[in-house]
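The values are calculated or read from the model by the stated rules, or taken from the named source; none is laboratory data. Since the structure is predicted, the reported quantities are computational estimates derived from the model, not experimental observations. As a convention, Cβ positions derive from the backbone with ideal geometry for all residues, glycine included, and neighbour counts pool all protein chains shown.
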Amino acid sequence: MKKWYESSVFYHLYPLGCTGAPAVNDGSPASRFSQLEEWVPYLQEMGFNALYIGPLFESDTHGYDTRDFRMIDRRLGSNEDFRRFTDACHKAGIRVVIDAVFNHTGREFFAFRDIREKKWDSPFKDWYRGVSFHCSSPMGDPFCYDAWQGHFSLPCLNLKNPEVKQYIFDTIRFWTETFDIDGLRLDCANVLDFDFMKELRTFTSSVKPDFWLMGEVIHGEYDRWVNDQMLHSVTNYALHKALYSAHNDHNYFEIAHNVRRLPKNGTELYTFTDNHDEDRLASKLADRAHFKPLYTLLFTLPGIPSIYYGSEWGIEGKRSSTSDVVLRPAITAAEARSRSNELTGLIRRLIRIHRENPEFHSGLYQELLLTNRQYAFARYGKDSICVAAVNNDSQACSLSLPLPISGRTARDLLTGKVLNVNENILQVELEGNGAAVIKVWDALMEQGAPLDEEDMEPDQLKKLLGEDWED
């Protein structure tokens, strides 16, 4: 049975940033979920059917220094506010995935506070890795401990401790029963204990059978994490880098090489162009004219595509050596609507193409043409294929693509234009920095259906080309 996440297109919100919440939690409560709820109809209009939102839970500053796993950050609102938000998302057909920060906590987390107060007499002294009372920490604590990447404001949890694991599993059950969330994005999954993630997969599947686990993994062989025993997906940072650098360098070989190395064809991986930790695509791309071929690849290559808030209209932003704040700006849903532009329209159409054509969900990938500046590939469906073709050159080009099926009719889903297929060769004309997403089929014609799409019934065309074909 097909799982919801296989055909999902994600929107990514960083709530503390987009609502303009204070950078430091001084304990003053506020309610900002009304701002977040305004995003729901916007996401529905754009066609997104899944939301990754986080971090959400009570923290000291940026959200990843957790104070309380079972309380919504008071800078955003209350637990009741978040439940209303998830209900609104689900009513709009949008799944909700939240940040899960299990590698570390903040220093104000109850277990760490207890160690600071009681030292070796604390019942929580084994909840953290590397705790030793023979030395002091750089933060002035009378003990040492392991910290994430040397940031002593982020002490590392001991995920081999059965009490810690039980506390986390009870917390997930609380999140699922209280907020009805649909999945977790595991922060720092690349350094989480593998046995812990295996137990986590078993537990979450028992709580909610279609619960999705996606991990933040930057380097490594992704199938070490993505398998039947551990996670359903991880962040495809390799493709993220290849997407912009291949366009900047006019080198599609970089992307094609990346796709060839994907595990199990890579359809499970979470794909993106930017996020709350990475510079905006508009600030990384040397030529904004490359938006069209690049985003076409994001939505047609193997993977589960995601858009980070603001990037759908080309917002800029580059992190400094000490701060990510510029990557996490205050933006309202009203501003998102007002800033809609040609890029927004392209992404809206690509979302619909991706969602309405199962070839892009789990279909096999086959390379058809590859040069430095042109790239074409097929994605397989049951009775059809979709062909994506892109051009990173400023000059127009003509491509002759050998089709892997006996197709006789083809249509560009981006423009609605009918293309010719002669002896299994598809002729594609691409404008400079252009792209095409072409549906090719033959099955209906073998059953006696008319060859010319103008003679087809609307329901036949919709079945073949998706609900958006008449646009």
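Starting from residues that are among the small types (Gly, Ala, Ser) and touching a Phe, Trp or Tyr at 6+ places or on another chain (Cβ under 8 Å), keep the ones in the stretch 383-409 and report whichever is surrounded by the fewest Cβ atoms within 10 Å (Cβ to Cβ).
407
Could you list, in sequence order, all residues of the stretch 208-263 that are within 14 Å of residue 373 (Cα to Cα) and either outside the structural domain of residue 189 (by TED's automatic domain parsing) or of a type in the set (D, E, K, R) (or both)?
Once the filter is applied, which keeps residues that are within 14 Å of residue 373 (Cα to Cα) and either outside the structural domain of residue 189 (by TED's automatic domain parsing) or of a type in the set (D, E, K, R) (or both), the stretch 208-263 yields 249, 254.
Being surrounded by 20 or more Cβ atoms within 10 Å (Cβ to Cβ) and under 27 Å from the mean Cα position of the chain (by Cα) is the filter here, so list the residues in the stretch 410-436 that pass it.
Selection gives 413, 433, 434, 435, 436.
Out of the stretch 290-306, which residues are in a helix (DSSP H, G or I), closer than 15 Å to residue 367 by Cα and not β-branched (Val, Ile, Thr)?
297
Table: residues versus (1) small (Gly, Ala, Ser); (2) in the same structural domain as residue 261 (by TED's automatic domain parsing); (3) out of contact with any Leu (no Cβ under 8 Å at 6 or more places or on another chain); (4) under 26 Å from residue 260 (Cβ atoms).
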| residue | (1), (2), (3), (4) |
| --- | --- |
| 341 | no, yes, yes, no |
| 345 | yes, yes, yes, no |
| 372 | no, no, yes, yes |
| 378 | yes, no, no, yes |
| 381 | yes, no, yes, yes |
| 386 | no, no, no, yes |
| 392 | no, no, yes, yes |
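Quick one: count up the residues across the stretch 260-281 that are surrounded by 20 or more Cβ atoms within 10 Å (Cβ to Cβ) and either acidic (Asp, Glu) or in contact with a helix residue (DSSP H, G or I) (Cβ under 7 Å, 6 or more places away or on another chain) (or both).
The total comes to 12.
In this structure, is residue 380 aromatic (Phe, Trp, Tyr), surrounded by fewer than 22 Cβ atoms within 10 Å (Cβ to Cβ) and without any contact (Cβ under 8 Å) to a residue 40 or more places away in the chain?
Yes, satisfied.
Does at least one position in the stretch 316-334 carry a residue that is within 16 Å of residue 294 (Cβ to Cβ) and either part of a loop (DSSP other than H, G, I, E, B) or not assigned by TED's automatic domain parsing to the domain that holds residue 274 (or both)?
For the stretch 316-334, residues within 16 Å of residue 294 (Cβ to Cβ) and either part of a loop (DSSP other than H, G, I, E, B) or not assigned by TED's automatic domain parsing to the domain that holds residue 274 (or both): present.
For (1) in contact with a His (Cβ under 8 Å, 6 or more places away or on another chain); (2) in contact (Cβ under 8 Å) with a residue 24 or more places away in the chain; (3) buried (at least 23 other Cβ atoms within 10 Å of the Cβ), each residue gets a yes or a no:
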position: 283; (1), (2), (3): no, yes, no
position: 291; (1), (2), (3): no, yes, no
position: 307; (1), (2), (3): yes, yes, yes
position: 313; (1), (2), (3): no, yes, no
position: 322; (1), (2), (3): no, no, no
position: 325; (1), (2), (3): no, yes, no
position: 330; (1), (2), (3): no, yes, no
position: 335; (1), (2), (3): no, no, no
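Count, please, the residues in the stretch 282-299 that happen to be farther than 16 Å from residue 310 by Cα and either of a type outside the set (Val, Ile, Thr) or in contact with a Cys (Cβ under 9 Å, 6 or more places away or on another chain) (or both).
Of the residues in the stretch 282-299, 10 are farther than 16 Å from residue 310 by Cα and either of a type outside the set (Val, Ile, Thr) or in contact with a Cys (Cβ under 9 Å, 6 or more places away or on another chain) (or both).
Kindly evaluate residue 254 against the criterion of being in contact with a Cys (Cβ under 7 Å, 6 or more places away or on another chain) and at pLDDT 95 or above.
Criteria not met by residue 254.
Failed condition for residue 13, given (1) at positive phi; (2) crowded, with 18+ Cβ neighbours inside 10 Å, with all others met?
(1)
Condition test on residue 210, is it at pLDDT 95 or above, crowded, with 22+ Cβ neighbours inside 10 Å, among the charged types (D, E, K, R) and under 20 Å from the mean Cα position of the chain (by Cα)?
no
For residue 168, are the conditions met, namely being under 25 Å from the mean Cα position of the chain (by Cα), assigned to a loop (DSSP other than H, G, I, E, B) and under 30 Å from residue 90 (Cβ atoms)?
Answer is no for this residue.
Report those helices (runs of 4 or more DSSP H) wholly inside the stretch 8-102 carrying at least 3 residues which are farther than 22 Å from residue 311 by Cα and touching a helix residue (DSSP H, G or I) at 6+ places or on another chain (Cβ under 6 Å).
Of the helices (runs of 4 or more DSSP H) lying wholly inside the stretch 8-102, those with at least 3 residues that are farther than 22 Å from residue 311 by Cα and touching a helix residue (DSSP H, G or I) at 6+ places or on another chain (Cβ under 6 Å) span 79-91.
Restricting the stretch 145-156 to residues that are over 26 Å from the mean Cα position of the chain (by Cα) and hydrophobic (A, V, I, L, M, F, W, C), which is surrounded by the most Cβ atoms within 10 Å (Cβ to Cβ)?
Across the stretch 145-156, the extreme among qualifying residues is 147.
Just checking, which of 102, 133, 110, 124 is of a type in the set (Phe, Trp, Tyr), loosely packed, with under 14 Cβ neighbours inside 10 Å and closer than 20 Å to residue 168 by Cα?
So the residue among 102, 133, 110, 124 that is of a type in the set (Phe, Trp, Tyr), loosely packed, with under 14 Cβ neighbours inside 10 Å and closer than 20 Å to residue 168 by Cα is 110.
Looking at (1) modelled with pLDDT of 95 or more; (2) under 26 Å from residue 7 (Cβ atoms); (3) out of contact with any Cys (no Cβ under 7 Å at 6 or more places or on another chain), can you tell me which one residue 360 breaks?
All conditions are met except number (3).
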